[in-house]
């Protein structure tokens, strides 16, 4: 008797081969399909279906020699079927034509690397288009380029799955109906549009480290996904130093992941971290990247932030840190991004490298401009410098102000301890 | 695909911004230059300037009766002052044309894709 039911181990092997092909090649296959049919929804559905077909057929027919190519062909055929069934057939003739052309013109294996890479780059620029809401850009990028499910994206950002699904559906509808193009922007728009892409990648990275608790496992993966996207951008846009700057910045932050929290899970500040627990290979790669980017002579905020992290991490001990260089880099960053946090960091770095008085002058200048009255870190920094200058009465005032503005319990305890010190020294 | 570029500016601010007749003429000259540029590109699919909302009339039909009221449909900070229709290949091209409209520098331009419909029976 002929037994056609698949063997259990054949089924498992097929499932695993499909999963491997999907995770390593899924993004490329999807990007190629989107290029042909111009419809992200359709492409995703077709790819999902091809995966289902693979899991059904491979246990019987055997795993194909090139699983990715098999999936590509199957997904393309699914997409063609769907378009043919679609009632608005006429409107989609163009998409059908492009898919059929792929079907005839191309051999059944993934296109040359260059073309595939371009597809993914186009897809990033589409998903990060500034005409989409920022949270939708992040969600779409994770969905389309990192292969996360809607449920995973929702868990990572503490949003109901239905809310996230709606957000993604709305964004895809806008891409289709407002005709957001699927292409790398023209040279004159590239810098602006790349900004939006880099922001999305950095948001994905930071979601992993933000204080709000989400699903920790998914969130940890986000850092790796962001770094993977960063690598892709560096590879595909070698002429854009800010892409290198962002990748360097992410690598240098991520290299400290094992030293960042103590056994109780509390945050360990940079100076108190066990530097032997930093990932040396990632530190080295980050430093090399930022050096190479800066040599292009077009510094940008990501490169400068990465350079600051690099100077910190090049020091063997906190005491060996080159604060003069850090102060100079913050000065450059402040001119690029004159935001309160950067200006305050500049003042603190100057205080360490040139002395508390020089730092205090900068803080007074920030204060004089107003607008930061409720920013507790400004008062805390002033208090610290006044304390070091021995001006205990003024320092105590500044500590009291900082404590009244501070909302974090750990920080407040630290400030209260300092306040008692200067109060004891008053008079 | 066609996109409607709706130009919203504050009528009261514009009076302050362009107080003299010469200022007004300079703005008109900019609009003429823009209109010529878009016509020359072959992307122009229509466009008009509107009279101020002060002389607008709002019409509603309720229970079969036509009700008219003086003034715009809603009092807003910025008012629709004119529009262009462009025939662009995608949103990026439409945004590029929107950004060149003079009023975009002191007001806002809303880019709305035109819904493509087929009439029943066609």
Select from region B:77-122 the residues that are out of contact with any strand residue (DSSP E or B) (no Cβ under 7 Å at 6 or more places or on another chain), modelled with pLDDT of 95 or more and more than 11 Å from every other protein chain (Cβ to nearest Cβ) and write down the one among them that is surrounded by the fewest Cβ atoms within 10 Å (Cβ to Cβ).
B:105
Within region A:144-168, how many residues are assigned to a helix (DSSP H, G or I) and touching a residue at least 40 places away in the same chain (Cβ under 8 Å)?
4
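Which of the following residues is touching a helix residue (DSSP H, G or I) at 6+ places or on another chain (Cβ under 6 Å), within 14 Å of another protein chain (Cβ to nearest Cβ) and modelled with pLDDT of 80 or more: A:204, A:180? Break it down stepwise before answering.
Details: A:204 fails: within 14 Å of another protein chain (Cβ to nearest Cβ).
Within the list A:204, A:180, the selection yields A:180.
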If I ask for residues that are in contact with a helix residue (DSSP H, G or I) (Cβ under 7 Å, 6 or more places away or on another chain), surrounded by fewer than 20 Cβ atoms within 10 Å (Cβ to Cβ) and in a helix (DSSP H, G or I), which ones from region A:316-334 would you list?
A:318, A:323, A:324, A:325, A:331, A:332, A:334
Examine region A:102-112 for a residue that is assigned by TED's automatic domain parsing to the domain that holds residue A:66, assigned to a helix (DSSP H, G or I), modelled with pLDDT under 85 and touching a helix residue (DSSP H, G or I) at 6+ places or on another chain (Cβ under 9 Å), and state whether such a residue exists.
yes
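Yes/no per residue for (1) crowded, with 17+ Cβ neighbours inside 10 Å; (2) away from chain B (no Cβ under 12 Å); (3) out of contact with any helix residue (DSSP H, G or I) (no Cβ under 8 Å at 6 or more places or on another chain):
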residue: A:153; (1), (2), (3): yes, yes, no
residue: A:158; (1), (2), (3): no, yes, yes
residue: A:162; (1), (2), (3): no, yes, yes
residue: A:166; (1), (2), (3): no, yes, yes
residue: A:189; (1), (2), (3): no, no, no
residue: A:192; (1), (2), (3): no, no, yes
How many of the residues in region A:261-272 are assigned to a loop (DSSP other than H, G, I, E, B), within 23 Å of residue A:286 (Cα to Cα) and touching a residue at least 24 places away in the same chain (Cβ under 8 Å)?
0
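The values are calculated or read from the model by the stated rules, or taken from the named source; none is laboratory data. Worth saying up front: this structure is predicted, and the values here are computed from it rather than measured. Reconstructed Cβ throughout: ideal geometry from the backbone, glycine too, with neighbour counts over all protein chains shown.
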